[in-house]
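Read the figures in this text as sums done on the coordinates, not as results from a lab. Predicted model only: the values in this text are computed from it and were never measured. So basically every Cβ, Gly included, is an ideal-geometry build from the backbone, and we count neighbours across all protein chains shown.
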Ligand code: ADP
Ligand code: ASP
Ligand code: MG
């Protein structure tokens, strides 16, 4: 008998028929003798719909109220699911974030989970009741509702799995597992049977939305195995687990992309000590995360600095930088939102030279210009013109042989 957390994403609970089907799956698992705690997302599209409603009221919606609004999406699915289970003659009980409670800090719209007492969920299980937890939401010490950031139900699921000491956290989604690249844009993508936490973390940070970043961080920290699989079939999916030696044999295990990128250049900056700090401190004070940075020297003690931020932060970063530019005597600030980041990931890269240059070669052969580059031990990323995103992903996927079995 195993203790399992099962999380079902938006497409898996998109309507009443699918919710009933998920209820059947969960019940059949409990009938095999396993204890199951269910974590649900909102119905597909619902969180976007609620966000649009908020934008009708305020151009920059109040964060506390936005969390109150967005958390209702998950409230609907956990109630409907519990009803479906009861209609099938079994017991279930829904738990909103504050009822578990999923305790978080007060950073509305990107709250971090601090603690999840397991007692109520365990009591339910001991009484033969299936606990059904609302994903994506939590509560602060002062009782305010928070949300964890988009895709946050994955994080709820892994955190609940850690809290109750589950054997595995199963993430059910609309694809068969984690693929060598997004199967949505590359038809030759292949399912990966096993992947290390580290590679999965890189993939998630570089744009593969199949698992939310923090869920992988949690799993890695507490060594909680994640099984990513389809809610529409019974085929085994991908196990996200600790790295083993076999994984190192694979040089490049996946290709990822992100269109959530924007590039800003500040030109003809007087080059003197302290200039980078003068440019980046006001940006970090505004809680804007800077990703890649390039500095180019010019003649006459002048320099250009180019960096990337997420598109959502672009306008704010531009206006902060324009202010800085006038203070430090830089000539101009320019921005570009039509860029994308393509990356290759693989733990095998640690011990092999030449992977980055193969990537540059593949992009060059397809006529794709590289605007910026960054590397780490297990990944290489290139910023390119957004219009080449799909071409680049497919070219790299094929170029590194990921389309072969
Ligand atoms: P859910 O609603 O179940 O949480 P998501 O939409 O958040 O599902 O994540 C699943 C989607 O992630 C897939 O439909 C797929 O298009 C996308 N995706 C991107 N990269 C990958 C990848 N490497 N492997 C699998 N899916 C990926
Ligand atoms: N419903 C939330 C979202 O769409 C959380 C989730 O689905 O994981 O982002
Ligand atoms: Mg998701």
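Overview of values
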| read-out | value |
| --- | --- |
| Net lengthening on full extension, residue 293/residue 55 (0.36 nm per residue, minus Cα-Cα) | 82.4 nm |
| In degrees, nearest ten, helix 72-87 long axis to first principal axis of the chain (Cα) | 30 |
| Helix 16-31 axis, angle to the chain major axis (alpha carbon atoms, nearest 10°) | 70 |
| Separation of the residue 244 and residue 301 label points, Cα + 7 Å toward Cβ, nm | 6.1 |
| Fewest-first sequence of 256, 324, 155, 51 by Cβ atoms within 10 Å of each Cβ | 51, 324, 256, 155 |
| Whole-number percent relative contact order across region 132-235, with pairs defined as alpha carbons under 8 Å at least 6 apart | 33 |
| Degrees between helix 153-164 axis and first principal axis of the chain (Cα, 0 to 90, nearest 10) | 60 |
| For the chain: relative contact order, % (alpha-carbon pairs under 8 angstrom, 6 or more apart) | 13 |
| Inter-probe distance in nm under a simple model that places probes 7 Å from Cα toward Cβ, at residue 87 and residue 277 | 6.4 |
| Residue order, fewest to most surrounding Cβ atoms within 10 angstrom, among 310, 82 | 310, 82 |
| Most fluctuating residue given options 344, 370, 384, as computed from a GNM of the chain linking Cα atoms under 10 Å | 370 |
| Cα-projected label distance for residue 403 with residue 233, points at 7 Å along beta-carbon direction, nm | 2.0 |
| Region 1-135: relative contact order as a whole-number percent, Cα under 8 Å and 6+ apart | 28 |
| Ranked 169, 382, 186, 16, criterion: other C-beta atoms within 10 Å, fewest first | 16, 186, 382, 169 |
